[in-house]
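The values are calculated or read from the model by the stated rules, or taken from the named source; none is laboratory data. As the structure is a computational prediction, the values presented were derived from the model and not from experiment. Neighbour counts are summed over all protein chains in view; Cβ atoms, including those assigned to glycine, are modelled from backbone coordinates with ideal geometry.
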Amino acid sequence: MIWLWLREGKAYYWGIGGGITLALYGVIATFQSFPSFGRVYAAYGGVFIVLSVLWGWGIDRKTPDLYDWVGAGICLIGVAVILLAPRQ
């Protein structure tokens with residue numbers, strides 16, 4: 001939303017909404033207390049990357065190229081390693 005405000009000329013309230021969303025995103029994470037939160041948060045980063053590619057495709061109408069998809073796939077492989085690796 002901040003990008004749309006700054007780069008695409010959307011109204012100022014797009015920037016305000018984006019700023020509030022980013023602030024909440026950062027604050028909510030600080031309230032997590034379960035032991036594996038770091039892993040879940042790292043895995044979420046990979047999912048966020050994939051969703052960003054899809055957002056760009058669906059909302060911004062920027063068709064992803066081969067390297068976008070390969071990079072997103074690598075991120076999902078990383079998510080699988082983080083979440084599914086056997087641990088003791």
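Taking the conditions exactly as written (surrounded by 12 or more Cβ atoms within 10 Å (Cβ to Cβ), of a type in the set (Gly, Ala, Ser) and at negative phi), does Gly26 satisfy them or not? No, not satisfied.
Scanning segment 27-44 for residues that are touching a helix residue (DSSP H, G or I) at 6+ places or on another chain (Cβ under 9 Å), in a loop (DSSP other than H, G, I, E, B) and of a type in the set (A, V, I, L, M, F, W, C) yields a single hit, Phe34. Exactly one residue out of Ala80, Ala42, Ala72 is of a type outside the set (Asp, Glu), under 22 Å from Met1 (Cβ atoms) and surrounded by 11 or more Cβ atoms within 10 Å (Cβ to Cβ): that is Ala72. Residues that are among the aliphatic types (A, V, I, L, M) and in contact (Cβ under 8 Å) with a residue 12 or more places away in the chain within segment 43-73 comprise Ala43, Val47, Ile49, Val50, Val53, Ala72, listed in sequence order. Pairing each residue of segment 1-26 that is in a helix (DSSP H, G or I) with any residue that is surrounded by 13 or more Cβ atoms within 10 Å (Cβ to Cβ) and of a type in the set (Val, Ile, Thr), provided the two are 6+ apart or on different chains, yields C-beta distances under 8 Å for Trp14/Ile2; Gly15/Ile2; Gly18/Ile2; Gly19/Ile2; Leu22/Ile2.
Out of Trp57, Trp5, one residue alone is surrounded by 12 or more Cβ atoms within 10 Å (Cβ to Cβ), modelled with pLDDT of 90 or more and under 15 Å from the mean Cα position of the chain (by Cα). It is Trp57.
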